[in-house]
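The values are calculated or read from the model by the stated rules, or taken from the named source; none is laboratory data. Computed from a predicted structure; not experimentally measured. Backbone-built Cβ (ideal geometry, glycine too); neighbour counts: all protein chains shown. Only protein heavy atoms, including side chains, enter the accessible area calculation; ligands, DNA and RNA are left aside. Shrake-Rupley method; radii C 1.70, N 1.55, O 1.52, S 1.80 Å.
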Amino acid sequence: MKHILASALFCFCTINVPAIAAEGLVPLPVSVERTAAAPIVFTSGNERQNRLRVSDTDAARRAAAYFSAALKKHFAGKNIHFGKNKIIFASLENPEIICGNAEGYVLEIGDGKIVLSATTYAGYFYAIQTLLQMLPREADGNGEITLTPCKIVDYPRFVWRGFMLDSVRHFQSVEWIKKLIDVLASQKINTLHWHLTDDQGWRIEIKKYPKLTQLAAWREHIGFGLEPDQSEHYDKAGRYGGFYSQDEIREIVRYAASRNITVVPEIELPGHAVAALSVYPEFGCTGGPYKIRLIGGVSDDVYCAGNEAVYTFWEDIFDEVVQLFPGKFVHVGGDECPKIRWKICPKCQAKIRAENLKDEHELQSYVIRRMEKVLSQRGKRLIGWDEILEGGLAPEATVMSWRGAKGGVEAAKMQHDVVMSPNSHCYYDYSQAHSGEPRSFGGFIPLERAYEFNPTEGVPAKFHKHILGGQANLWTEYIPNEKHAEYMLAPRISALAEATWTPQELRSWEDFQNRMVHQYARFGAAGVNYRRPEAVQILVENGTLRFRPDLRNAKVVFTLDGSEPTEKSQSLAPQTRIPVPAGDAAVCVRARAVFPDGSLGRINERFLNLPKAKVISTLNTEAGNVPARAFDGSREAVYWANGGARAGDTVAVVFEQAQTPKHVSCITGKGETGGGGDRLHSGVLEISSDGKTWHPVAKFSRGFAEAELPAGTQVKALRLRVTNPQAEWLLVREFEIRN
Ligand code: ACM
Ligand code: ZN
């Protein structure tokens, strides 16, 4: 039986649907009840001391010390005083109220005091995180902070609430990883899976094999087609990369532990190993030479599984790794290991015969089984990606399911523990919107999709006990710096937090969105470059106009004359409509959200009452993305040509009546202002007064072209013409004309 960790899930405590809006708590606690106690009021500006009352346990004392420091940071040096014995770290007398869950807590606010009760440091730590989410950052106009009386009883749904950071494809500083740990801890994530070795670099110091970090931690340039200045991580010789010394790793592990986060290292084998092979070519089947990869994807070159020296190398590495990471699990990768070298390698084939294996898949299984023994002898449990199922699963292995949930379901049915991390919901390197986003790996996981993640989905109930939890992964091929990493993980990490902490029956996307308004402010206060829910859709339905902001219930300001909307412009509540302005003249609606902190989101615009026109393209159409969408007043609805374009291909807007615009433009590509994928790389914008002869007025640059026209210029038609062939598909967001 391998479900010791998951046993806390078997609990029959009652769950109270929160009676109050829970102050924007994320993840939503199991139970929040308003109580009849008197509200608690703290004051600012006097000389009284903050004195905590702390029960006589090591856990409570450590938590109180953490709390004192966290509080200073929270109030950023402001004078806020709780006075003496107003905040109490108590021992929880009735742990059955939290189902005996080691990470559970009770938080009571009212009658002049705040009581945090738990049985472990983890429990106190999470009570503190909840309290910090409830505490304003400053006093009100009377110099006071008032908290609503309530009682919160809370504990997590799963024991594994994970986040994976890929520090190989791009490197992050130790300081930033600590910042990441703070963000994860605030969302009650308790596992940091750290991807430390791969084809593009080796990031962990191994004393016995110094070449791994002297050489294999560095590559000749940033790679992945990125610009050199997108990262700061270069050495004096201009090589890109970096590594974490054993001292730095110990420091990170300690920092994480004090925030109830276990760091799980991943040392990839038998594939994704080109960086190691580049300095120890004798460990590959062909003997090399091997060169550190500068692109993503999967290399055919993997460790030789028939060479005993390779196993010794791995054992030596794990000897050092297990000393650095005190957690139970070590991740060995196991994914994406092509077998083509093994098929023709005499050593690998000899090993297959000697071990009575059927084929190369069983050889992979042999490798994982052997590593499981190696780790078990060192007191650790092996976890690997779902490919470790191929050729037979090692007897005690835990499976991390990434190619959907299928592998995880299969493993759970075989009584193996599982962490669900399906790329349908948990790959945070995928894009968060269809347009206006930075270049990404591909794939699409907006916040709502991330929120839909349920780790037990598709798993028969009797195997739920094997689902340890869920994890989001941040692969960094196209995430070259820390700021960008923050953008990709926040706010989606809150969705993961709620999927792994909150009881499924309490979860609601609408309620989550409402609470996220507060969480966005908290990300902002923590200096996190979170993705702002900036979009405002401008919707036209049955002759009426309304706005749908990404941030639920955000105020929207707008103009109808093409001018820039400011906080002083007219506003419209999300559920309200106004009639579409009548008349023949085109109307330019511009709208943007006003955030709770008063800042303004980015502007979206839409043209109404457009002149009648036809859009004619020489290219084929991808599914329903018809040419007419290139001139429908909206940049959101796009024309998407199916396949590449030849020189001379055109997309033309032909007006029923000639127009006399002062300004014409065309925006292509997925980016909000051109520049994203599927843009026009080389082309011109042309006008025609008769629909037959054409005059170029502008060249496309980064997918965009615009031109001012002399007053009175007759425009019967407007088009883009491709001037160099391109393999990339062409996406036309909108042709726009302004008078
Ligand atoms: C993976 O994404 N290759 C685990
Ligand atoms: Zn081999």
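With respect to His416, is the statement that it is of a type outside the set (S, T, N, Q), open to solvent by 30 Å² or more (accessible area, probe 1.4 Å) and within 29 Å of the chain's Cα centre (by Cα) true? Spelling it out, it is not the case that His416 is of a type outside the set (S, T, N, Q), open to solvent by 30 Å² or more (accessible area, probe 1.4 Å) and within 29 Å of the chain's Cα centre (by Cα). Take the residues in segment 331-356 that are surrounded by fewer than 19 Cβ atoms within 10 Å (Cβ to Cβ) and among the aliphatic types (A, V, I, L, M), then tell me which one is nearest to ligand 1 (Cβ to nearest atom). For segment 331-356, the residue satisfying everything is Ile340.
Is it the case that some residue within segment 327-344 is touching a Ser or Thr at 6+ places or on another chain (Cβ under 8 Å) and near ligand 2 (Cβ under 10 Å from one of its atoms)? Yes, segment 327-344 contains a residue that is touching a Ser or Thr at 6+ places or on another chain (Cβ under 8 Å) and near ligand 2 (Cβ under 10 Å from one of its atoms). Only residues that are surrounded by fewer than 19 Cβ atoms within 10 Å (Cβ to Cβ) and either within 16 Å of ligand 1 (Cβ to nearest atom) or within 32 Å of the chain's Cα centre (by Cα) (or both) were counted across segment 298-323, and they come to 5. When segment 273-287 is filtered for residues that are open to solvent by 30 Å² or more (accessible area, probe 1.4 Å) and in contact with a Leu (Cβ under 9 Å, 6 or more places away or on another chain), only Ser278 remains.
Taken over segment 364-388, the criterion of being within 16 Å of ligand 2 (Cβ to nearest atom), in contact with a Gly (Cβ under 7 Å, 6 or more places away or on another chain) and touching a residue at least 40 places away in the same chain (Cβ under 8 Å) is satisfied by Gln364 alone.
Among the candidates Gly287, Gly297, Gly271, single out the residue that is assigned to a loop (DSSP other than H, G, I, E, B), at positive phi and within 16 Å of ligand 2 (Cβ to nearest atom). The unique qualifying residue is Gly287. Checked against the criterion of being within 16 Å of ligand 2 (Cβ to nearest atom) and either more than 14 Å from Arg203 (Cβ to Cβ) or not in a helix (DSSP H, G or I) (or both), the candidates Ala237, Ala309, Ala256, Ala276 yield just one match: Ala309. The C-beta contact set for segment 295-313 (first residue within 17 Å of Leu375 (Cα to Cα), second residue near ligand 2 (Cβ under 8 Å from one of its atoms) and among the hydrophobic types (A, V, I, L, M, F, W, C), distance under 6 angstrom, 6+ apart or interchain) comprises Val310/Cys304. Pairing each residue of segment 389-408 that is without any contact (Cβ under 8 Å) to a residue 12 or more places away in the chain with any residue that is part of a loop (DSSP other than H, G, I, E, B) and away from ligand 2 (no atom under 16 Å from the Cβ), provided the two are 6+ apart or on different chains, yields no C-beta distance under 7 Å. Only helices (runs of 4 or more DSSP H) whose full extent lies in segment 427-515 are considered here, and none of them has at least 2 residues that are within 16 Å of ligand 1 (Cβ to nearest atom) and open to solvent by 30 Å² or more (accessible area, probe 1.4 Å). Taking the criterion of being of a type outside the set (S, T, N, Q), part of a helix (DSSP H, G or I) and either closer than 26 Å to Trp385 by Cβ or touching a residue at least 40 places away in the same chain (Cβ under 8 Å) (or both), would at least one residue in segment 208-229 satisfy it? Yes, the conditions are met somewhere in segment 208-229. Counting the residues of segment 104-153 that are open to solvent by less than 10 Å² (accessible area, probe 1.4 Å), in contact (Cβ under 8 Å) with a residue 60 or more places away in the chain and aromatic (Phe, Trp, Tyr) gives 3. Counting the residues of segment 562-604 that are without any contact (Cβ under 8 Å) to a residue 40 or more places away in the chain and not in a loop (DSSP other than H, G, I, E, B) gives 7. Restricting Lys328, Lys291, Lys236 to residues that are over 23 Å from the mean Cα position of the chain (by Cα), away from ligand 1 (no atom under 16 Å from the Cβ), under 30 Å from Ala127 (Cβ atoms) and surrounded by fewer than 18 Cβ atoms within 10 Å (Cβ to Cβ) narrows the list to Lys328. Restricted to segment 259-272, and to residues there that are open to solvent by less than 20 Å² (accessible area, probe 1.4 Å) and away from ligand 1 (no atom under 16 Å from the Cβ), the residue that is farthest from Asp182 (Cα to Cα) is Val263.
Within segment 660-679, not a single residue is in contact (Cβ under 8 Å) with a residue 24 or more places away in the chain, farther than 20 Å from Phe607 by Cα and open to solvent by less than 10 Å² (accessible area, probe 1.4 Å). Restricted to segment 696-726, and to residues that are assigned to a strand (DSSP E or B) and under 37 Å from the mean Cα position of the chain (by Cα), which residue is farthest from Gly648 (Cα to Cα)? That would be Glu706. Restricting attention to segment 363-405, the residues that are over 20 Å from Arg341 (Cα atoms), open to solvent by 10 Å² or more (accessible area, probe 1.4 Å) and aromatic (Phe, Trp, Tyr) add up to 1. Do we find a residue being open to solvent by 50 Å² or more (accessible area, probe 1.4 Å), on the phi > 0 side of the Ramachandran plot and among the small types (Gly, Ala, Ser) anywhere in segment 587-607? No, that holds for no residue.
Of the residues Ile145, Ile152, which single one is modelled with pLDDT under 95 and in a strand (DSSP E or B)? Working first, answer last.
On the way: Ile152 fails: modelled with pLDDT under 95.
The conditions single out Ile145.
Here Gly225 passes the criteria (1) modelled with pLDDT of 95 or more; (2) within 25 Å of Asp300 (Cα to Cα); (3) small (Gly, Ala, Ser) except the one numbered (1).
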